[in-house]
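Comments concern the structure below.
The values are calculated or read from the model by the stated rules, or taken from the named source; none is laboratory data. Remember, predicted model here, so these are calculated numbers, not experimental data. Glycine also receives a Cβ, built like all others from the backbone with ideal geometry; neighbour counts cover every protein chain displayed.
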Amino acid sequence: MDTTRLHETATALVADGKGLLAADESTGSIRKRFEAVGVESTETNRRDYRHMLVGTPGVGDHISGVILFDETIRQAAPDGTPLVRLIEDAGMIPGIKVDKGAKPLAPHPDGGETVTEGLDGLRDRFHEYAAMGARFAKWRAVYSIGGGRPTDRCIQVNAHALARYAALAQEAGLVPIVEPEVLMDGSHNIEACFADTEAVQRAVFRELHAQGVMLEGILLKPNMVISGKDATDQADPDTVAERTLACFRRTVPAAVPGIVFLSGGQGDEQATVNLDAINRRARRDGAPWSLSFSYGRALQQAALKTWAGDNDNAEAARAAFLERAEANRQAALGQLAA
Ligand code: 13P
């Protein structure tokens, strides 16, 4: 295992306030996103849309890496240039989502909990992705709050799988992005999110340690500590920042180079403002890790709406995308312009 290279890749992904574009929606998720703007989810449309995003001039000034889906890492632009090459030429690092999705957790598949699958054959898949140019990977575990969830069982099985994935990724020379997402769905308050996020992170780092994962060569991709989407009392950005930093200070070792948050259904602006508040507070109080973004929806929503399946709209859509990317880079530095 080349530990130096892993650490270099991980630190490059969070350098200079840059963050990640998550463009790795599964076929089912991208269909839903496309349907919302009246676009049919064909392979060509998916290629055109993602080509538009990664080919945006200047995107590499704000985005350090792009997480791709299996289909996309194999695709090329209409002129035959592989999308991976376009990403590299723009100064960004290609990454790959390797999990096979969150599946109902046995033995109570109606219990509303999931375990993320995809470990079988993963060593071979990593070798293939590395040969295609991927230098980092992503695996997402999901936990919901409410009705006795998340259970210890859900926390344990997902932590175990995340650590097995992370160990295999590092063995193949890819930086694992470890993504345990505590969902913001529900009416719970921010303290409930704090408690469950803390429990999840503790279990994840216990397993990463137990399975020999080198913490200097991973990135953590968590939810922010935030009020439930339907809570009547919504915590303000400074409270989100204070609780988020307190939670991760307790649970995430200083050896981890960076924490890159998911947007998780926050509005575009909300995700940016909260990240800015987190970084302003971290600068004041000190924090051992870089704190940046790995956003899917919060980076893409405006661009997708503007594109709406018509490549004649590509220029305007790219401008919308670049605006969100630039704002999030400012937020990752704690310098969001008012
Ligand atoms: P969102 O920012 O839309 O939550 O997506 C990030 C991601 O990669 C989820 O796995």
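In the range 141-155, how many residues are within 16 Å of the ligand (Cβ to nearest atom) and surrounded by 22 or more Cβ atoms within 10 Å (Cβ to Cβ)?
Final tally of qualifying residues: 2.
Where residues in the range 209-224 are part of a loop (DSSP other than H, G, I, E, B) and on the phi < 0 side of the Ramachandran plot, which of them is surrounded by the most Cβ atoms within 10 Å (Cβ to Cβ)?
Residue satisfying both the conditions and the ranking: Met224.
The rows are residues; the columns are (1) more than 16 Å from the ligand (Cβ to nearest atom); (2) within 30 Å of Val54 (Cβ to Cβ); (3) surrounded by 23 or more Cβ atoms within 10 Å (Cβ to Cβ); (4) in contact (Cβ under 8 Å) with a residue 60 or more places away in the chain.
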| residue | (1), (2), (3), (4) |
| --- | --- |
| Glu207 | yes, no, no, no |
| Ile226 | no, yes, yes, no |
| Asp233 | yes, no, no, no |
| Arg250 | yes, no, no, no |
| Gln270 | no, yes, no, no |
| Ile278 | no, yes, yes, no |
| Gly286 | yes, no, no, no |
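Output the residues belonging to the range 31-75 that are surrounded by 15 or more Cβ atoms within 10 Å (Cβ to Cβ) and polar (S, T, N, Q).
Listed by number, the residues that qualify are Ser41, Asn45, Thr56, Ser64, Thr72, Gln75.
Pull up the range 297-311, narrow it to residues that are buried (at least 21 other Cβ atoms within 10 Å of the Cβ) and among the small types (Gly, Ala, Ser), then point me to the one that is farthest from the chain's Cα centre (by Cα).
Checked the range 297-311; the qualifying residue farthest from the chain's Cα centre (by Cα) is Ala303.
Would you tally the residues in the range 156-172 being within 21 Å of His108 (Cβ to Cβ) and surrounded by 22 or more Cβ atoms within 10 Å (Cβ to Cβ)?
Matching residues across the range 156-172 total 2.
Against the condition touching a His at 6+ places or on another chain (Cβ under 6 Å), at pLDDT 95 or above and away from the ligand (no atom under 16 Å from the Cβ), how does Ala77 come out, does it pass? Break it down into steps so the answer makes sense when it comes.
On the way: touching a His at 6+ places or on another chain (Cβ under 6 Å): yes; at pLDDT 95 or above: yes; away from the ligand (no atom under 16 Å from the Cβ): yes.
Yes: the conditions hold for Ala77.
Where residues in the range 12-27 are within 13 Å of the ligand (Cβ to nearest atom) and farther than 12 Å from Ser64 by Cβ, which of them is surrounded by the fewest Cβ atoms within 10 Å (Cβ to Cβ)? Break it down stepwise before answering.
Taking the range 12-27 and keeping what is within 13 Å of the ligand (Cβ to nearest atom), we get 19-26.
If we keep only those that are farther than 12 Å from Ser64 by Cβ too, we end up with 22-26.
On the way: Ala22: 29, Ala23: 24, Asp24: 26, Glu25: 22, Ser26: 15.
Among residues in the range 12-27 that are within 13 Å of the ligand (Cβ to nearest atom) and farther than 12 Å from Ser64 by Cβ, the one surrounded by the fewest Cβ atoms within 10 Å (Cβ to Cβ) is Ser26.
Among the residues of the range 288-314, which ones are closer than 24 Å to Gly65 by Cβ, of a type in the set (Gly, Ala, Ser) and away from the ligand (no atom under 16 Å from the Cβ)?
Of everything in the range 288-314, those that are closer than 24 Å to Gly65 by Cβ, of a type in the set (Gly, Ala, Ser) and away from the ligand (no atom under 16 Å from the Cβ) turn out to be Ser290, Ala314.
Looking at the structure I just gave you, is Gly91 under 18 Å from Leu174 (Cβ atoms) and of a type in the set (Gly, Ala, Ser)?
Criteria not met by Gly91.
Gly101: out of contact with any Asp or Glu (no Cβ under 7 Å at 6 or more places or on another chain) and at positive phi, yes or no?
no
Within the range 99-108, is even one residue at pLDDT below 95, away from the ligand (no atom under 16 Å from the Cβ) and farther than 30 Å from Asp48 by Cβ?
Yes, the range 99-108 has at least one match.
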